[in-house]
Structure formats: structure tokens, C-alpha cells
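The values are calculated or read from the model by the stated rules, or taken from the named source; none is laboratory data. Owing to the predicted nature of the structure, the values given are computational and were not obtained by experimental measurement. Every residue, glycine among them, receives a Cβ derived from its backbone with ideal geometry; neighbour counts consider all protein chains shown. Each accessible area value is taken on the protein alone, full model and side chains, heavy atoms only, with ligands, DNA and RNA left out. Shrake-Rupley method; radii C 1.70, N 1.55, O 1.52, S 1.80 Å.
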Amino acid sequence: MDIEYFWNGIRLLQPNGAFRIGTDSVLISDFMTLPKGASVCDLGSGSGTISLLLCGRDADCTVTGVELQEAAYELFCRNIEENKLSDRVTPLCGDLRNIRELLPAGGFECVVSNPPYFPVTSGGISPNDALAIARTEVCCTLEDICAAAQWLLKYGGTFALVHKPERLCDLICTMRAHKIEPKRIRFVRHTQNAPVCLVMVEGKLGAKSGLTYLPDLLQYTADGEETEEYRTIYHH
């Protein structure tokens, strides 16, 4: 059975199973820099959460979403139709490892991604193929994501992604290897004293070094209530 979510005027249909909306997708949609009327590519777009939430942030941006899994792609298309955004959101069913065959070089001001978090060597790969592809680097590695972003971005364009904090060194090294200099970083914690659970990083193609640390994003107070900022991001 499909489940409906509403954010900032966007209606998102999600199945009661795979391809569900995650906190990470919502947070990176809010974190990333989004210039007015920007052209954006969403790598690994899933059912379209990030793509559509960005349209809710800016009424003039355009988004192209690249998704490998056909079931997620079909739901992405459905969500575009439900929100009447076919003039602004373009879904592509394809493998981002073949990005040069899918999209032209330097065609976007912004690239965003909520990629698989876990290397295949981490163990515990889901027996569900859809979940395994979404969560583990069986079809898409950090190298693949950063290489695609480098190809897609205009010079000076921005690339934002969310990941697990234990992969931060891998992330920064891979971004730099593809000439994307990390410029903004923000850690996410469940509560003030909890360990970091997510990290969001934004880099700029061809930029000089210089990294700005934003204050940690706290999801809940010590009493278990949502923080004001977290509520604002979720439009509660």
C-alpha cells in the first residue's frame, strides 16, 4: 500500500517497503546550496524525494534525476505526475557509472546525492536486491558518484551529499581526487551528547581549499522532543 507524505507543498507517494523516504534525503535537500533557478542533477534519485523537495524550495529550479532501479524510477515518474512537475523534473532510468552516455559535460550548476553508504566489504548485504543496491556499494561507489559529479558540473558548480561519518576521510579524499574541493560540512546528531550519525558535505568544482564547519544539526532535545530547527526542516 502506498503512503503519502507532504512537505512544503510537495506530495510524495512511497511504497510500504523499499524506496522509503529517509531523514538523510530530507536533510541534504535542506542543507545544499540552491541558487535561484539552478539546474540540478540528482544522482541515484530513487523515487524522487530530493528532486521534488528541491522544487518545493525553489519554484524556478530544474532537476534531472538519474536512477538505476526500474521500480524506483517508475515511482519517481509517478511522483512527478502527481505534483504536476513534468516541465521541471526530468527522470532518467540509467546507470550513473555511464554518465557520459546519459548527460552532457558541464550541464549543471548543482549535483546532489544520497548514495549507498556501505562498501561491499562491510558485510551484511541485504538479500533484497533493491535494498542491497540502495544501501551498499554493489552498483555505485564513492568513486563513481564523484566522477559523475565532476563530469556534470559547470566550473565552480557545487556538489552536495550526505554520508556516514565513518566514511568522511574516504569522501573528502575522493572529492579532491575529482577536483571538487570540500567547502561546507555539517554533522547530524540525534541529541546534543549523542555521537554523530550523519555528515553532510558540499564541495565546489575547481575551488581553492577552505572548509567551513556549520553548527551541528540536533534532531531531538534531551526530553525527546524535536528541536525547532528539525521541525522547520520537516515543515512540521
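Compute from the Cα atoms of region 151-206 the Rg and the Dmax, the latter being the longest Cα-Cα distance, and quote both in angstrom.
Answer for region 151-206, Rg first and Dmax second: 12.4, 40 Å.
Set the Förster radius R0 to 22 Å, insert the Cβ-Cβ distance between GLU166 and THR227 as r into 1/(1 + (r/R0)^6), and round the FRET efficiency to 0.05.
Working: r = 24 Å, r/R0 = 1.09.
So the FRET efficiency works out to roughly 0.35.
Give me the accessible area of LEU218, 1.4 Å probe, in Å² rounded to the nearest 10.
Accessible area, nearest 10 Å²: 40 Å².
Considering only the chain, what is the antiparallel percent among its DSSP beta bridges, to the nearest 5? List each step's numbers first, then the result.
Working: 22 of 46 bridges.
Once the DSSP bridges in the chain are tallied, antiparallel ones form about 50 percent.
Need one number for the chain: average projected area of the convex hull over its C-alpha atoms, nm².
On the way: hull surface 50.5 nm².
For the chain, the mean projected area of the Cα convex hull comes to 12.6 nm².
Using the Karplus curve 6.51 cos²θ - 1.76 cosθ + 1.60 with θ = phi - 60°, what ³J(HN,Hα) values do you get for each residue of region 41-55, in whole Hz, with x for Gly and Pro?
These are the phi-based 3J(HN,Hα) values: 10, 9, 8, x, 6, x, 8, x, 4, 5, 4, 6, 5, 5, 5 Hz.
Carbon and sulfur together cover what percent of the accessible area of region 130-236 at a 1.4 Å probe radius?
Details: 2830 of 5310 Å².
Reported share for carbon and sulfur atoms: 53 percent.
Under 10 Å, Cα contacts only: if you run a Gaussian network model on the chain, which one of LYS204, LYS36, LYS183 comes out with the highest mean-square fluctuation?
Among LYS204, LYS36, LYS183, the largest GNM mean-square fluctuation belongs to LYS36.
Placing +1 at every Lys and Arg Cβ and -1 at every Asp and Glu Cβ, with all other atoms neutral, what dipole size does the chain have around its Cα centre, in debye to the nearest 20? Provide the component values of the computation, followed by the final result.
On the way: 22 positive and 30 negative charges, 158 e Å.
Computed charge dipole of the chain: roughly 760 debye.
Want the number for ARG11 to CYS197: 0.36 nm per residue separation, take away the alpha-carbon distance, what's left? Working shown, then result.
Values: separation 186, 0.36 × 186 = 66.96 nm, distance 2.72 nm.
Result for the pair: 64.2 nm of gain on full extension.
Might you work out the accessible area of THR90 for me, using a 1.4 Å probe with all protein chains in place, and round it to the nearest 10 Å²?
70
Just to check I understand the Karplus step: with θ = phi - 60° and J = 6.51 cos²θ - 1.76 cosθ + 1.60, what whole-Hz values come out for region 167-173, glycine and proline as x?
Going residue by residue, I get 9, 4, 4, 4, 4, 5, 5 Hz, with x marking Gly and Pro.
For TRP7, enumerate residues with amide H under 5 Å from its amide H, sequence gap 5+ or separate chain, H modeled in the peptide plane.
LEU12
Rank ARG167, ARG184, ARG100 by accessible area, highest first, at a 1.4 Å probe radius? If you can, show how the numbers build up before the last one.
Details: ARG167 30, ARG184 60, ARG100 170 Å².
Ranked list, largest accessible area first: ARG100, ARG184, ARG167.
Which GluC sites (Glu not before Pro) in region 9-113 sit in a loop by DSSP (not H, G, I, E or B) and have at most 12 other Cβ atoms within 10 Å of their own Cβ?
Details: sites: GLU67, GLU70, GLU74, GLU81, GLU82, GLU101, GLU109; in loops: none.
Qualifying residues, ordered by number: none.
Report the local net charge at THR232: Lys and Arg +1, Asp and Glu -1, summed over other residues whose C-beta lies under 12 Å from its C-beta. List each step's numbers first, then the result.
Details: positive: ARG231; negative: ASP30, GLU226, GLU228, GLU229.
Surrounding charge for THR232 is -3.
At 7 Å along the Cα-to-beta-carbon direction for both ARG100 and LYS154, put a label point, then send me their distance in nm to one decimal.
2.3
With a probe of 1.4 Å, find how much accessible area region 44-127 has per residue, and write the answer as a whole number in Å². Intermediate values should be presented prior to the final figure.
Working: 3770 Å² over 84 residues.
Per-residue accessible area for region 44-127 comes out at 45 Å².
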